[in-house]
Amino acid sequence: MRSSWDIAVLGAGPAGGAAARIAADDGADVLLLDEQRRPGGQVWRVKSAARHFASDSPETRAGDAHRAALEQSKVTFRGETRLWHIERKKDIWVLHVLTLSGTAIYNARAVILAPGAREFVQPFPGWTVPGVFGLAGVTALIKSQQIPPGRRCVVAGSGPLAIYAAAEILRLGGEIAAIVTPNSRADWLWCLPALLANPFLAKRGAEWIAQLKRAGMPIFWRHLVTRTKGNEVLSALHVSRCTSEWAPTGAATEIPADTLCIGNGLLPNSEIAALAGLELHYDADCGGWIAPVGPHGQTVIPGLYLCGDGAGIRGATVASEQGERAGMAAARWLKGAPASSGSQRRSHRAEWLGLAMTGLSRPRRGLDSLTTPETIVCRCENLTRATLEAEIDAGAASVEALKSATRCGMGPCGGRYCLTSAARLIEMRQGAAPGTVSPPTTRPPLFPLPVAAIGTEFDYDDLPIPAPAPL
Amino acid sequence: MSESYDITVVGGGIMGCATALRLAEGNMRVLVLEKSDLCQGASGVNAGTLSLQIKRVRLMEYALRGHRIWASMGDAVGFRKTGGFTLAFNDREAQLLKERQTLKRQAGAPIEFVTPKKLLQREPEISSKVTIASYCAEDGYANSSLTGQYYRACLKAAGIPYRERAPVSAIAHGSDGFVLTTSLGQVRAKRILLAAGAWLGPLAAMLGVNLPVRARVNTVSVTEPTPPVIGSVIGHATGLLTMKQKPNGTVLIGGGWQGYGTPDAGRGCVSGKTMVPNIALARYAVPALAKARLTRSWTGFEANVPDFYPLAGDLPGVYGAYVLGCVRGGFTIGPYIGKLMGDHILGQEPELPLFDPDRSFEGVPG
Ligand SMILES: Cc1cc2nc3c(=O)[nH]c(=O)nc-3n(C[C@H](O)[C@H](O)[C@H](O)COP(=O)(O)OP(=O)(O)OC[C@H]3O[C@@H](n4cnc5c(N)ncnc54)[C@H](O)[C@@H]3O)c2cc1C
Ligand SMILES: Cc1cc2nc3c(=O)[nH]c(=O)nc-3n(C[C@H](O)[C@H](O)[C@H](O)COP(=O)(O)OP(=O)(O)OC[C@H]3O[C@@H](n4cnc5c(N)ncnc54)[C@H](O)[C@@H]3O)c2cc1C
């Protein structure tokens, strides 16, 4: 199978799909990779084939258009292909991937990273009980399976995702016990100008809220879920008011439920950029630690581009425009032309809305107090806040030091779900601002890699014979 | 920060920490300055093998005494004396193994040769393709991840101040010793010990001394917890493989395969080209590893000089300055050679000789 390309694009969501298409239209030979079977990314995820009869949402339709456009283009798409390592050898990028038939290596002269985002959930008592799901993860389930995640659901979280997920659960016939959001009505009003500048999205949002109101859904504004009840499975949860900094205050109300969908905003997937050699910096408006990029997605490393939510959380519209600019810039770069000669398409209104929505979703510091001393922070290794803080008090002043001493983040998740919280614990103990304690060095593989899949062509007789170690 | 000490140790790896402890025992007022975190350089990312079978003949006595210290540190550093096997899979390797291990046995390591049958009785998951193995009951491992936690606690208990995220960027001669510039301010010290691992070159250069320090970029990988596959430390006649399974079921795989990068430019990079055959060789030796999943590979910088013997003694030509580093198998030997170094600085005769940094490296192949 072919293994060398002008441009490799990682991630086939709105950003990567657009980048690949535009670059191919400009004459580049483009490979597009995604761990999902079909293009679409998070927001335009394809419906599972078994569910084709379910009615289409605007997201499904947008995804179908995205997939059709890619099919008509000259882009080579390889799905179910996961990147586990990326290296630059001289001027060639080497992408190590895992496919259904084992590992493979692809080479490219330029690389466009569009790895999207993942969810952040602030640890709170009982968040590891079965029946608790990530909010964004639930939207992914809804999109592919077209079924609600449980019978009686509470949807909790910040920003538009909570409203969207609740509306979708209703559409699919699920029961919503309550919607709980730390945002206030006033927070949303603040975003009104940005919303009105984007009438299509504003209309969708208004429809969701109207739908929820019609169905008589209680919406708890400025509230948080503070704990769950039930050991084997979720039976109920506690909801409290919170301050404008999202610290819980006042008495809790108990709400019976078998399912909780909860999320506290999105974090850019910056690991691949870091592995590729980019330095990360903290930008709260972008959702956390990101690699800086120029207007065309260019980075400090020639031939390496970054776009979409992986460059800062701005939503699908901005992601695809960024993708177009990055795709064009990469194709031009290969021909020796400057990035600025390419696509300039850029909707400042959509960027404004993206910024406003990230502002709504971004966790506030009051959330820290949800994590009690007994709360598990690192799920893989079963480590509580108290255990981690004891180590911080003993002198572990960086994520690396905390990891080494406690194994926090050394489990199968690779720290994706706990090291953000761990860094925050260190900052709090040091009285430092968010974003002062940096994430650990990213190391391959980017996910647990089956030993059976690598080195399948290994021949013992090919072992390099080293000069014997000095005696 | 404008402080003054009897001695400042530059570099908080195992060499710097072990020496600092000895100096404090000798009543010196010591400060440790560390560029990042204590023991996050080679000392915190190494494979943790404590094996006499891979030690140099002339360093054997140091390693034997090092093993004793590790045993006394015990659980706090994840010490396990498991015994270790070194495997040969063909005649060439068998011959190499016999020649080398015989010399090491003469140097004092209790190494014996075992048949594949005996090996498989102890380690049934090891490949039946082994033709001969050597065994050393003294071998084992410690958990290098715990080195920082361990020494941090020791320094605190001994009342030794240390500063992390305090890289030394300049060293000047002062009225009574040295003035060191760090990101936290200036420090005065009557004497200094350079123990900066792979970063020794630029530090010595600050005092006008040229040390021929180079770095290897060693790779280590680890699997997620896996049902028991091996009980002892496993090596390979060529040195291309080291392997051990921790009590939590994770299997650590090393063997000196080279990544790339330089000490001045970050933490180094894993090369797929060398990491993949390293894992494949591990699976060749222990086929059951095929069921495991790899969670992480990383690199660390191991310093050396052309003759691959330690730099341990006075910094040539600079009164009051010392250097300790470039010790092959330095994790194993570190706690012991740190004591010797401390004794030397305290003006006492070390119980085993040090390695004069002023020797000539000219014409030494390497
Ligand atoms: C779970 C989830 C659900 C979301 N749901 C919505 C929603 O319903 N509505 C909405 O407006 N916004 C949603 N968002 C926000 C959404 O991420 C953006 O609006 C938009 O999808 C960003 O587009 P993108 O192209 O930058 O990234 P994405 O759409 O996230 O695309 C990134 C792609 O990269 C692939 N990828 C990442 N790492 C690898 C790897 N190592 N190997 C191979 N492939 C890889 C992923 O599979 C994914 O397909 C969601 C986010 C998440 C995390
Ligand atoms: C991957 C790998 C595997 C290994 N496996 C084994 C093994 O299995 N068994 C074994 O016995 N040995 C092993 N070794 C060797 C062993 O780890 C080293 O010999 C030993 O740790 C070296 O200790 P050190 O203190 O000299 O160096 P380091 O631990 O590197 O410490 C030097 C310290 O100096 C600091 N520093 C540098 N510059 C400055 C500055 N300007 N100011 C302040 N601080 C500074 C650094 O940040 C660092 O913390 C391995 C080495 C590596 C890299």
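A short reminder: the numbers here are calculations on the coordinates, not readings from a lab. All values derive from a computational prediction rather than experimental measurement. Counting neighbours? That spans all protein chains shown, and the Cβs are built from the backbone with ideal geometry, glycine included.
Here is the P(r) of the protein assembly as shown: all C-alpha pair distances, binned every 20 Å from 0, give 15, 42, 33, 10, 0 in whole percents. Could you tell me whether the range B:113-215 comes out rounded, prolate or oblate from its Cα gyration tensor? Rule is a ≥ b ≥ c as square roots of the eigenvalues, rounded for a/c under 1.5, then prolate if a/b exceeds b/c, otherwise oblate. Verdict is prolate for the range B:113-215.
Only Lys, Arg, Asp and Glu carry charge here, each on its Cβ (+1 for the first two, -1 for the last two); on that basis the range A:347-387 has a dipole of about 160 debye about its Cα centre.
Just so you know, the averaged projected area of the alpha carbon convex hull for the range A:164-247 sits at 6.6 nm².
Please average, across the residues of A:452-460, the number of beta carbons from any other chain that are within 10 Å of each residue's own beta carbon, and give a whole number. Before the final figure, lay out the partial values.
Working: counts 6, 3, 9, 10, 3, 3, 7, 3, 7.
Average per residue, whole number: 6.
Counts of other chain beta carbons within 10 angstrom of each beta carbon in peptide A:231-240 average 0.
With N set to the number of residues, divide the alpha-carbon radius of gyration of the range B:1-99 by 2.2 N^0.38 Å and report two decimals.
Values: Rg = 18.2 Å, N = 99, 2.2 N^0.38 = 12.6 Å.
Expressed relative to 2.2 N^0.38 Å, the Cα Rg reads 1.44.
Please give the per residue volume of the convex hull enclosing the alpha carbon atoms of the range A:89-182, rounded to a whole number of Å³.
Numbers: hull volume 16.5 nm³, N = 94.
Looking at the range A:89-182, the number lands at 176 Å³ per residue.
For A:Arg152 and A:Ser101, the FRET efficiency from 1/(1 + (r/R0)^6), where r spans their Cβ atoms and R0 equals 60 Å, is about 0.90.
Out of every Cα-Cα pair that chain A contains, those further apart than 44 angstrom amount to 13 percent.
Other residues lying with their Cβ under 12 Å from the Cβ of B:Arg65 contribute a combined charge of 0, Lys and Arg counting +1, Asp and Glu -1.
Stretching A:Ala467 away from A:Arg379 to a fully extended chain increases their span by 27.2 nm, per 0.36 nm per residue minus the current alpha-carbon distance.
In vacuo Debye scattering of the range B:230-366, one point per C-alpha: log10 I(q)/I(0) at q = 0.10 Å⁻¹? Summing over Cα pairs of the range B:230-366 leads to -0.49. Peptides A:291-299, B:323-331 ranked from most to least packed by the mean count of surrounding Cβ atoms within 10 Å: B:323-331, A:291-299.
Projecting the Cα positions of B:Ala280, B:Gly159, B:Ser297 onto the charge dipole of chain B (unit charges on Cβ atoms of Lys, Arg, Asp and Glu, taken about the Cα centre) puts B:Ala280 furthest along the positive direction.
Per-residue shielding of B:274-281, expressed as the average number of other chain Cβ atoms within 10 Å of the residue Cβ, stands at 6. Projecting the Cα atoms of A:Gly366, B:Ala237, A:Gln430 onto the charge dipole of the protein assembly as shown (Cβ charges, centred on the Cα centre) puts A:Gly366 farthest toward the positive pole. Taking the Cα centre of the range A:225-324 as reference, the dipole from Cβ charges on Lys and Arg (+1) and Asp and Glu (-1) amounts to some 280 debye. Expressed as a whole percent, the proportion of Cα-Cα pairs in the range B:267-318 lying more than 15 Å apart is 67%. Close Lys pairs in the range A:43-173, defined as Cα atoms under 29 Å apart and 8 or more places apart or on different chains, number 5.
On C-alpha positions alone, give me the angle between the axis of helix B:147-157 and the longest principal axis of chain B, in degrees, nearest 10. Rounded to the nearest ten degrees, it is 40. Starting from the Kirkwood Rh over alpha-carbon pairs, what translational D in µm² s⁻¹ does chain B have by Stokes-Einstein at 37 °C and 0.692 mPa s? Translational D for this selection: 156 µm²/s.
Calculated FRET efficiency, B:Ala172 to A:Glu245, Cβ-Cβ distance, R0 = 45 Å: about 0.40 to the nearest 0.05.
Think of it as helices only: each DSSP H run of n ≥ 4 in chain A is worth -39500 (n - 2.57), and spread over all residues that comes to -9500 deg cm²/dmol at 222 nm. For the range A:371-430, the C-alpha radius of gyration divided by 2.2 N^0.38 Å, with N the number of residues, is 0.95.
Which FRET efficiency, nearest 0.05, do A:Ala206 and A:Ala390 yield, Cβ-Cβ r, R0 56 Å? Between A:Ala206 and A:Ala390 the formula returns 0.70.
Taking the charge dipole of the protein assembly as shown about its Cα centre, with +1 at Lys and Arg Cβ atoms and -1 at Asp and Glu Cβ atoms, the residue from B:Gly26, A:Leu334, B:Cys326 reaching farthest to the positive side is A:Leu334.
Charges only on Cβ, +1 for Lys and Arg, -1 for Asp and Glu: so what's the dipole of the range B:194-296 about the Cα centre, in debye to the nearest 20? Let's see the in-between values first.
Details: 10 positive and 2 negative charges, 50 e Å.
For the range B:194-296, the charge dipole is close to 240 debye.
Within a straight-line Cα-Cα reach of under 22 Å, B:Lys81 can be paired with the following lysines, leaving aside sequence neighbours fewer than 8 residues apart in one chain: B:Lys55, B:Lys104, B:Lys118, B:Lys244, B:Lys246. Relative to the longest principal axis of the Cα atoms of chain B, the long axis of helix B:272-285 lies at roughly 50 degrees.
So how do A:242-253, A:80-91, A:105-116, B:21-32 stack up, highest first, on mean other-Cβ count within 10 Å? Please report the intermediate quantities before stating the final value.
On the way: A:242-253: 15.3, A:80-91: 17.8, A:105-116: 24.6, B:21-32: 20.0.
Going by the mean number of other Cβ atoms within 10 Å, highest first, we get A:105-116, B:21-32, A:80-91, A:242-253.
Just how far, in whole angstrom, is the range B:1-64 from the range B:265-304 if you go by their alpha carbon centroids? That distance is 26 Å.
Helix B:330-345 and the longest principal axis of the Cα set of chain B meet at an angle near 30°. Listed by chain and number, the lysines whose C-alpha is less than 22 Å from the C-alpha of A:Lys213, apart from same-chain residues fewer than 8 away, are A:Lys203. Alpha-carbon geometry of the range A:121-264: the Rg and the Dmax are 14.6, 47 Å, given in that order. In this rough spin-label picture, where each label sits 7 Å from Cα along the Cβ direction, the B:Arg216-A:Ser48 distance is 5.1 nm. Peptides A:45-53, A:412-420, ordered by how many other C-beta atoms sit within 10 Å of their residues on average, highest first, read A:412-420, A:45-53.
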